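Single-structure report; data block below.
The values are calculated or read from the model by the stated rules, or taken from the named source; none is laboratory data. Model, not experiment: these values are computed from the prediction. A quick note on method: Cβ atoms are made from the backbone with ideal geometry, for glycine too, and the neighbour counts reach across all protein chains shown. Just the protein is used for accessible areas: all its heavy atoms, side chains included, with ligands, DNA and RNA removed. Shrake-Rupley method; radii C 1.70, N 1.55, O 1.52, S 1.80 Å.
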Amino acid sequence: MVDVRLMVVKVGSSTLVDGAGALDRDFIRSLCDQVAELVARGTRVVVVSSGAAAAGRDVLGFQERPSDLATLQACASAGQARLTEAYAEVLRERSIPCGQVLLTRRDVMDRDGFLNARTTLTRLLELGAVPVVNENDTVSTAEFAFGDNDMLGALVAALVGADLYVICSDVDGLYTANPQEHPDATLIERVEEVDHRLSEMAGGAGTSFGTGGMSSKLRAARAMLAAGIPTVICRGRRPNVLAEVAGGARVGTRFEARAGAPHEGGRKLWIGLAEVPRGTIGLDAGATRAVLERGASILPVGVVSTSGTYAAGDVVNVTSDTGDVIGRGVARYSSEDMARVRGVRLDVISRFLGEGSAQPAVHRDDLLVF
């Protein structure tokens with residue numbers, strides 16, 4: 001075993017349910033057996049579990065994933081009790097307490113809420129419990145719009161200062177191409193930086209039981225690279241996969257920054273992972289390269305589009321010239337002012353709006369790239 005004292009494990013809906021859409025209790029038992037083994041070895045574990053809405057579909061009798069938000073939230077409500085009960089029942093047999101933690105972005109979007117969530121999770125771990133975390137889908141709309149729980153898992157890993165973040169998926173890891181369409185595609189075993197080339201390799205939608213795909217997993221892995229937390233994407237149903245990953249085995253795709261690479265501080269991680277974006281700014285190709293390759297601030301001249309209504313000081317999504325979300329940051333201009341200054345050089349802004357108005361659209365100190 002390598003020195004993994006605290007591990008966050010995210011399990012996706014497609015891994016948790018069987019072909020009919022019901023919770024696979026045999027798999028949950030196997031997963032909890034692995035968690036118990038890790039706990040016995042001295043590794044504390046947090047489980048970030050999707051599957052509430054999928055389990056609720058079975059409870060309420062839906063054959064397909066509903067398309068309207070109200071029904072999705074009803075399924076999540078019905079399924080959350082069954083999901084937590086499944087974990088708690090098996091862990092109880094192994095004398096391990098289980099604590100349910102339901103979060104929304106609203107709970108952690110202010111700094112106090114962020115710290116309170118960390119305190120609760122930390123105390124549960126100190127008491128020997130395994131926290132089972134999920135998005136509070138019954139009241140949250142961000143979950144269904146954003147993707148799945150990959151970024152929630154990244155947020156939890158950052159909150160508790162995890163040594164390792166494991167994303168258990170229905171694929172073996174990141175491939176050079178979609179293996180279902182390209183039989184000659186090969187598994188990428190190690191990644192030190194997520195660039196545009198890797199982002200293009202990521203597939204789109206997940207299964208009918210989930211909401212995310214490889215692209216959301218790459219965004220989470222990129223955020224964890226910034227935080228200095230190694231991340232592994234692997235097949236969740238591989239036998240004994242958690243112990244193998246914790247032991248340093250070459251399983252799945254491991255994302256880990258090269259030795260000596262700088263890590264982002266807690267404030268940037270909070271901006272990028274916890275804050276709710278109020279709008280979006282789009283960059284041209286030059287600004288995209290400057291942000292991704294040189295860690296530059298975003299200047300107004302490199303902004304080609306703005307959407308949403310936001311004030312100066314609000315968090316916005318940042319998209320590349322290809323439309324991919326590459327980060328989040330604090331806007332120095334309101335949406336109204338951003339529409340005026342986009343595409344304009346700082347010296348021109350200063351000449352017409354005054355020297356105090358000539359500033360980056362988003363300063364690098366307020367920007368988390370992922």
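Taking region 169-192 as the region of interest, how many residues are under 14 Å from residue 251 (Cα atoms), hydrophobic (A, V, I, L, M, F, W, C) and part of a loop (DSSP other than H, G, I, E, B)?
So the count comes out to 3.
Of everything in region 336-365 that is in a helix (DSSP H, G or I) and open to solvent by less than 20 Å² (accessible area, probe 1.4 Å), the residue that is modelled with the lowest pLDDT is 349.
Selection of region 311-335 for residues being part of a loop (DSSP other than H, G, I, E, B), out of contact with any His (no Cβ under 9 Å at 6 or more places or on another chain) and crowded, with 17+ Cβ neighbours inside 10 Å yields 314, 321, 331, 333, 334.
Determine if region 264-285 includes at least one residue that is among the aliphatic types (A, V, I, L, M), touching a Phe, Trp or Tyr at 6+ places or on another chain (Cβ under 6 Å) and more than 22 Å from residue 15 (Cβ to Cβ). Yes - at least one qualifying residue is present in region 264-285. Considering only residues in region 92-133 that are among the small types (Gly, Ala, Ser) and farther than 24 Å from residue 269 by Cα, the one that is surrounded by the fewest Cβ atoms within 10 Å (Cβ to Cβ) turns out to be 95.
Take the residues of region 273-310 that are part of a loop (DSSP other than H, G, I, E, B), in contact with a helix residue (DSSP H, G or I) (Cβ under 8 Å, 6 or more places away or on another chain) and of a type outside the set (D, E, K, R): which is farthest from residue 357 (Cα to Cα)? By that ranking, first place goes to 274.
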